[in-house]
Amino acid sequence: MILVAILFFYTILLSLISYKQICFLKQEKYKKAQILSENDYIVAADIAIENEKFKLFSNLFTFVINTAWIWFGFYYLREFFIEENSRLENTLFLLAFLIITSIVNLPINLYEYFVKDKAHGFSNMTLKIFIQDFFKTILLTLIFGFLIIYALLFCYDFFNSLWWIAAFIFSFFVILIINLIYPTLIAPIFNKVQKLEDENLQNKISSLMQKCGFYANGIYVIDASKRDKRLNAYFGGLFKNKRVVLFDTLLKALSEKELLAVLGHELGHFVHKDIVKNLFNSAFMVFLLFFIFAHLPQNLYLEAHLENVNAGVFALLLIFGNIFSFLISPLLNFISRKNEFAADLHGAKVTSKEDMKNALLALAKENKAFIKTSKIYTFFYLSHPSIYDRIKALS
């Protein structure tokens, strides 16, 4: 079967990349430690190896689930939901597919949070928070997923052979809306969001932003530590809705100078207009996705038991879209890594080179991230350069 063969060879390719990465990490683990202490170097390598083995298993698990959907899953789902092939029936068909997939993936998620990440001291996740997050996600899927799917199916019904152009325009509009409302409406559903209370730090961040011509609607802190100990910060929203969001873990782990260097890096993306470029890169990918899946041979729908199901094209897109994204990712990752190097230089420029290097080192230590990756892994996966390459570039 063509579809299963595509999934099979895609999974084999992912497995080979993971195998090469594991071999690389095992070799590097016993070399002389660089940047990190010898103990941190070995621990980070062990964690990276375990993460890659977990990714290997996850990819095989996904292959089995997607194959099951093609062999019999879509058939039974079609028999249950599709009678007249109406827009409502097709919307419910896709919603059921999304929710069932989320439920089937629960064992993987439970193992990741409560076994793998707990063992390495990353996860603070409790069963209560996990269950709350799951049902919140399901509720958001039912509400917003229903509206988005129904609108896409309207494009499919109303615009005939040009449906994919209308669907692309609508999808790009949805991407903009999500970017706009995420910091103020979606993030608070999952995290407690409050304004930064440290006035001295707030003034220094505001001064740094003004230096870069960036104006935000406030500086906020989220309680990321209730789930995870990893460090992060981001600039969310668009237009007048922009805000600075700091993880509370970042405030605890980094010095003031290191924190300002991290924000200087993020501001570098704003100065270089990377945010706008990434939006258009996303739009380009969505455009190509809709174009390709709008012109699939009809026998593929027969093979997946999706004949005479208007939602079939979107079901196949949800399963096989990742393969297309993976194939185009080397180009996008190459562009992204260049942007990250440039943002590091900007962070060093508005603070200092040493502060930027210390910040990267602190991030590596706290996140227990191994500082190097193999060339093939970098080529396919890394949107950010390795910590080793970033510090080397700054030096």
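Relative to the dominant Cα principal axis of the chain, helix 199-211 is inclined by about 70°.
Per residue, how much accessible area does the range 301-395 have with a 1.4 Å probe, in Å²? Don't jump to the answer; show the numbers that get you there.
On the way: 4150 Å² over 95 residues.
I get 44 Å² per residue for the range 301-395.
Looking only at the range 218-302, where both bridge partners belong to it, what percent of the DSSP beta bridges are antiparallel (to the nearest 5)? Taking every DSSP beta bridge within the range 218-302, about 50 percent pair in antiparallel fashion.
For CYS23, the solvent-accessible surface with a 1.4 Å probe is about 50 Å², rounded to the nearest 10.
A full extension of the chain between LYS338 and ALA68 corresponds to an added length of 93.2 nm, given 0.36 nm per residue minus the alpha carbon distance.
Among residues other than THR378 whose Cβ falls under 9 Å from its Cβ, what is the net charge (Lys/Arg +1, Asp/Glu -1)? Charge balance in the 9 Å sphere: +1. The P(r) of the chain has a tail past 33 Å containing 39 percent of all C-alpha pairs.
Report for the range 210-267 the percent antiparallel among DSSP-assigned beta bridges with both residues inside it, nearest 5. Taking every DSSP beta bridge within the range 210-267, about 50 percent pair in antiparallel fashion. Each of LEU394 and LYS136 was given a label point 7 Å from its Cα along the Cα-to-Cβ line. The distance between the two points is 3.2 nm. 3J(HN,Hα) along the range 88-102, derived from phi through the Karplus expression 6.51 cos²θ - 1.76 cosθ + 1.60 where θ = phi - 60°, amounts to 5, 4, 5, 5, 5, 4, 5, 4, 4, 4, 5, 6, 4, 4, 4 Hz, with x in place of Gly and Pro. Computed with every protein chain present, the accessible area of ASP248 is close to 20 Å² [probe 1.4 Å]. Volume per residue of the convex hull around the Cα atoms, evaluated for the range 92-165, comes out as 111 Å³. Using the Cβ-Cβ distance between GLU38 and VAL115 with R0 = 35 Å, the FRET efficiency computed as 1/(1 + (r/R0)^6) comes to roughly 0.80.
At a 10 angstrom cut-off on C-beta neighbours, averaged per residue, how do the peptides 106-116, 269-279 rank from highest to lowest?
Working: 106-116: 14.4, 269-279: 15.9.
Listed from highest to lowest mean packing, they are 269-279, 106-116.
Heavy-atom surface analysis with a 1.4 Å probe gives the range 1-82 a carbon and sulfur content of 68 percent of its accessible area.
Ranking PHE80, PHE74 from most to least accessible surface, computed with a 1.4 Å probe over the protein chains only, gives PHE80, PHE74. Here the calculated FRET efficiency for TYR75 and LYS26, from their Cβ-Cβ distance with R0 = 56 Å, stands at 0.80, rounded to the nearest 0.05. In the assembled protein chains, TRP71 presents an accessible area of approximately 140 Å² (probe radius 1.4 Å). Please determine, in degrees from 0 to 90 and to the nearest 10, the orientation of helix 2-29 with respect to the longest principal axis defined by the Cα atoms of the chain, where the helix direction is its Cα long axis. Long axis of 2-29 versus the principal axis of the chain: about 20 degrees.
Three principal axis extents describe the C-alpha atoms of the range 1-144; from largest down they are 67, 41, 20 Å.
Relative contact order for the range 1-75: what is it in percent, counting Cα pairs under 8 Å that are at least 6 residues apart?
45
If you filter the range 215-324 for GluC sites (Glu not before Pro), then keep DSSP loop positions with at most 15 other Cβ within 10 Å, what is left? Working shown, then result.
Values: sites: GLU256, GLU258, GLU266, GLU303, GLU307; in loops: GLU307.
The qualifying sites are GLU307.
Helix 256-271 and the long axis of the chain differ in direction by around 50°, with both axes built from C-alpha atoms. Note on LEU327 and GLN194: their simple-model spin labels are 5.0 nm apart, each label 7 Å out from Cα toward Cβ. Comparing Cα centroids, the range 355-381 and the range 201-255 end up 21 angstrom apart.
Within the range 253-395, what whole-number % of the accessible surface is contributed by carbon and sulfur, with the 1.4 Å probe and all protein chains included in the calculation? Intermediate values should be presented prior to the final figure.
Working: 4060 of 6490 Å².
The nonpolar share, carbon plus sulfur, comes to 63 percent.
Using just the C-alpha positions of the range 262-362 as equal point scatterers, what log10 of I(q)/I(0) does the Debye formula give at each q in 0.12, 0.14, 0.17 1/Å? For the range 262-362 at q = 0.12, 0.14, 0.17 Å⁻¹, log10 I(q)/I(0) is -0.57, -0.67, -0.80.
Which net charge results when you count Lys and Arg as +1 and Asp and Glu as -1 among the other residues whose beta-carbon is under 15 Å from that of ASP355? Net charge in that neighbourhood comes out at +2. With R₀ set to 35 Å, the beta-carbon distance separating ILE175 from LYS353 gives a calculated FRET efficiency near 0.50. Taking the DSSP beta bridges with both ends in the chain, the antiparallel portion is around 65 percent.
The values are calculated or read from the model by the stated rules, or taken from the named source; none is laboratory data. Quick caveat: nothing in here was measured; it's all calculated off a predicted structure. Cβ coordinates were reconstructed from backbone atoms using ideal geometry, including for glycine residues, and neighbour counts include every protein chain displayed. These area figures cover heavy atoms from the full protein model, side chains too; ligands, DNA and RNA do not enter into them. Shrake-Rupley method; radii C 1.70, N 1.55, O 1.52, S 1.80 Å.
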